[in-house]
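Engineer: Have a look at this one before I ask anything.
Please treat every number below as a calculation from the coordinates, not as lab data. All of these numbers come straight from a predicted model, not from anything done at the bench. Don't worry about glycine lacking a Cβ; one is built from the backbone with ideal geometry, like all the others, and counts go over all protein chains shown.
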Amino acid sequence: MFDHDLAARLQPLVERAFADRSLLKDRAHEQAVLDALAALDAGALRVATRDDAGAWTVHPWLKQAILLYFGLRQIERSSAGPLEFNDKIPVKVPPPGVRVVPPGTVRYGAHVAPGAIVMPGYVNIGAWVDAGTMVDTWATVGSCAQIGRDVHLSGGVGIGGVLEPPGARPVIIEDGAFLGSRSIVVEGVIVEREAVLGAGVVLTASTPIIDVTGPEPVELRGRVPARSVVISGTRPKRFAAGEFGVPCALIIGRRSESTDRKTSLEQTLRDHGVSV
């Protein structure tokens, strides 16, 4: 969901205030920032959207709104039951239908859709977590990351935040993807729908992602194709001191198409011997 009418009203005010912070003294510009954050929190707006062709568009002005919001806020003490915090961002009350297990935290300005589960993990400001997704124990969803429907972020998964520069693409995990324990995705990498990352896979913008399923290796960067099965790997590189193995990621297979994603995932993990 993306409220285009609301965006058309707020975007010019936010962009002008970002270019000239003195405008935040004007009530209309200040309110535009506050309204943008409220819309991000409610899911009426989001930092990145996907069109019918599958292409993603980043909305930098919403990142600008987040940065301006920090400037408007003062550090205040807040509480959640017996727990107390000192922060610029107020404590968020989970919406109906979202399960948040103590001490899991969803920061105000992040949207978590009904049907999602947040174990003792963390979802930062500007992020989007869609319905049916599991944020497992000690998994973190960084600022502005976009997590699709029915995604599983296993224990200790690290999804990097990309708040600055405002125009930079956030990390995007598309529908049905499965990320194994302690895997890390940062720097605007896209993991396309129903892809599987094995335990400990690390993906940065510069990580070579090498498809080794064909007769010749095919190298990608910044994107894991849909339904790919990915494990950690190394490849040799020569340095002044000798030849050493440097990290890469290997696409070793494809997840089968199925209306039952759970069955498809279990079969894929067995067929390829992937640890998660």
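Engineer: Per DSSP H run of n ≥ 4, the term is -39500 (n - 2.57); total these for the chain, divide by its residue number, and report the mean residue ellipticity at 222 nm rounded to 500 deg cm²/dmol.
Structural biologist: Computed mean residue ellipticity for the chain: -6500 deg cm²/dmol.
Engineer: Relative to the longest principal axis of the chain, what angle (0 to 90°, nearest 10) does the C-alpha long axis of helix 261-272 take?
Structural biologist: Relative to the chain, helix 261-272 is tipped by roughly 40 degrees.
Engineer: Once you place label points 7 Å from the Cα toward the Cβ at Val93 and Thr204, how far apart are they in nm?
Structural biologist: Going by the 7 Å Cα→Cβ label model, 4.3 nm.
Engineer: Sticking with this structure for a sec: For region 14-46, list residues with backbone N below 18 Å from a point placed 7 Å from the Cα of Asp3 toward its Cβ?
Structural biologist: The answer is 14-15, 28-46.
Engineer: If you don't mind, another one. Could you give the size of the charge dipole of region 4-72 about its Cα centre, using +1 on the Cβ of each K and R and -1 on the Cβ of each D and E, expressed in debye and rounded to the nearest 20?
Structural biologist: With Lys and Arg at +1 and Asp and Glu at -1, about 180 debye.
Engineer: If you don't mind, another one. Cα axis of helix 27-42 to longest principal axis of the chain: angle in degrees, 0 to 90, nearest 10?
Structural biologist: Computed tilt is about 40 degrees.
Engineer: Taking the alpha-carbon set of region 95-271, what are its Rg and Dmax in Å?
Structural biologist: Cα radius of gyration and Dmax of region 95-271 are 16.5, 59 Å respectively.
Engineer: What is the set of long-range amide H partners of Leu203 at a cut-off below 5 Å, with H atoms built 1.01 Å from backbone N?
Structural biologist: Amide H neighbours of Leu203, under 5 Å, 5+ apart: Ile184, Val185, Val186.
Engineer: With the Cα gyration tensor of region 4-72 giving a ≥ b ≥ c as the square roots of its eigenvalues, does the rule (a/c under 1.5 for rounded; else a/b larger than b/c for prolate; else oblate) give rounded, prolate or oblate?
Structural biologist: In terms of gyration-tensor shape, prolate.
Engineer: Near Pro208, within a Cβ-to-Cβ distance under 13 Å, what is the net charge of the other residues, with Lys and Arg +1 and Asp and Glu -1?
Structural biologist: Here the charged neighbours net out to +2.
Engineer: Once you charge only the Cβ atoms, +1 for Lys and Arg and -1 for Asp and Glu, what is the size of the charge dipole of the chain about its Cα centre, to the nearest 20 debye?
Structural biologist: Here the chain has a charge dipole of around 460 debye.
Engineer: Would you mind computing, in nm to one decimal, how far apart the modelled labels at Asp271 and Val218 are, each placed 7 Å from Cα along Cα→Cβ?
Structural biologist: Those two pseudo-labels are separated by 1.7 nm.
Engineer: Helix 4-19 sits at what angle to the longest principal axis of the chain, using alpha carbons and giving 0 to 90 degrees rounded to 10?
Structural biologist: Between helix and principal axis, roughly 80 degrees.
Engineer: Pulled fully out, how much extra length does the chain show between Arg182 and Asp52, if you take 0.36 nm times their separation in residues and subtract their Cα-Cα distance?
Structural biologist: 43.6 nm
Engineer: How many angstrom separate the Cα center of region 93-170 from the Cα center of region 202-276?
Structural biologist: What the calculation gives is 24 Å, centre to centre.
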